[in-house]
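Structure record follows, encoded as structure tokens.
Just so it is clear, none of the values below were taken in a lab; they were calculated from the coordinates. The model shown is predicted, which means the values in this text are computed figures rather than measured ones. All Cβ positions, glycine included, derive from the backbone under ideal geometry; neighbour counts span all protein chains shown.
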Amino acid sequence: MSKRAYWLVDGYNLIHVWKEINVEDLATAREILIRNLSEYGAYEKIDVTLVFDAGKSEDEERIEEYGEFFRVIYSGFEESADSVIERLAYEFVGKKREVHVVSSDAAIETVILGAGAYRHPSREFYRAVKRAKQHLRKEYLGNVTLPLVRNELGDRIAPDIFAKLNELRK
């Protein structure tokens with residue numbers, strides 16, 4: 001059995017290109033991104049690690065697991081998301097995994113390519129996630145057709161109750 005592709009995503013970099021996300025409320029933006037990427041990872045059958053900068057906080061690196069194939073990492077004190085991504089890229093390429101990095105930071109590009117990982121710009125990845133969502137919606141919902149006639153309350157209740165309600169209405 002072949003190993004699943006491993007994707008490292010720069011969270012805040014992706015949030016800034018995600019059109020539907022309000023960057024004024026970062027907590028909500030992170031939750032929306034987590035939900036969307038966990039769905040995308042499950043659909044594409046890939047391992048996803050979403051990395052957020054927490055370099056200005058005094059906390060240690062924090063990892064949140066969302067199932068077997070999706071996790072979120074908040075970088076530790078004085079550590080950037082880029083450095084976490086670089087470290088993990090080298091680690092997983094060393095384990096002979098196919099590693100993909102989603103970031104539009106030019107600084108990380110050389111390091112990632114040097115590690116043997118693939119780089120994907122955030123805007124390109126955003127479009128791929130949106131296409132997958134549209135495909136899912138189309139595949140599972142299909143063509144939704146509305147009924148040709150109106151479905152009114154009066155058609156679904158007993159005639160005597162309808163008469164009483166109609167009398168109250170007048």
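For the reader, a short list of remarks on this structure follows.
- Only one of the listed residues (I63, I32) is surrounded by 14 or more Cβ atoms within 10 Å (Cβ to Cβ) and among the β-branched types (V, I, T). That residue is I32.
- Enumerated strands (runs of 3 or more DSSP E) restricted to region 39-134, each holding at least 2 residues that are touching a strand residue (DSSP E or B) at 6+ places or on another chain (Cβ under 9 Å), of a type in the set (V, I, T) and touching a residue at least 12 places away in the same chain (Cβ under 8 Å): 47-52, 70-74, 99-102
- Residue in region 1-10 that is within 21 Å of A132 (Cα to Cα), free of Cβ contacts under 8 Å to residues at least 60 places away in the same chain and either of a type outside the set (D, E) or in contact with a Phe, Trp or Tyr (Cβ under 7 Å, 6 or more places away or on another chain) (or both) present: no
- Selection status of I34, β-branched (V, I, T), touching a Leu at 6+ places or on another chain (Cβ under 6 Å) and closer than 26 Å to A132 by Cα: no
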